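Please see the structure below; I have some questions.
The values are calculated or read from the model by the stated rules, or taken from the named source; none is laboratory data. Here the structure is a predicted model, which means the values were calculated and not measured. Here the Cβ positions follow ideal geometry from the backbone for every residue, glycine too, while neighbour counts run over all protein chains shown. With ligands, DNA and RNA removed, areas are computed over all heavy atoms of the protein, side chains included. Shrake-Rupley method; radii C 1.70, N 1.55, O 1.52, S 1.80 Å.
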Amino acid sequence: MVNANTPEWRDNRASTDGFGACLPRGIFIVGTDTEVGKTFHAEALADQLVRGGTRVGVYKPAASGIDASITGDAELLHAAARLDCPIERVCPQQFTAPLAPPVAAQLEDRQVDEELL
């Protein structure tokens, strides 16, 4: 695993868009289906970076299938990053039905806020 404190990592954290504007730095973990390992790998990466002394932020823009009695993805990421902010900062859109977020939102007479994506 890359050590986030090595000179090579620090020197390459931000890049430009070719016009001189600095792009935000970050690691994005994406996948096209459920249960493909997105949260597993994001949690492991966040934990490893924090252990190495890097300040980490995590963000899951929407989650469905939320059950208050079960630890969900947002809680796992929140804990791995050692955050002290409210869970809603990590995952601002949470829906109960275990369906795609737009469908789950519709069942709750809500909409997925695209600005938060």
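I'd like the residue in the stretch 29-50 that is acidic (Asp, Glu) and part of a loop (DSSP other than H, G, I, E, B) and, out of all such residues, is surrounded by the most Cβ atoms within 10 Å (Cβ to Cβ).
If we filter the stretch 29-50 for residues that are acidic (Asp, Glu), which is where we start, we get 33, 35, 43, 47.
If we keep only those that are part of a loop (DSSP other than H, G, I, E, B) too, we end up with 33, 35.
Numbers: ASP33: 6, GLU35: 8.
Once the filter is applied, the top-ranked residue is GLU35.
Regarding ARG10, is this residue at pLDDT below 95, in a helix (DSSP H, G or I) and open to solvent by 40 Å² or more (accessible area, probe 1.4 Å)?
Judged against the criteria, ARG10 is a match.
Kindly indicate whether GLY53 is under 10 Å from the mean Cα position of the chain (by Cα), farther than 25 Å from ASP109 by Cβ and not in a helix (DSSP H, G or I).
Values: under 10 Å from the mean Cα position of the chain (by Cα): no; farther than 25 Å from ASP109 by Cβ: yes; not in a helix (DSSP H, G or I): yes.
Answer is no for this residue.
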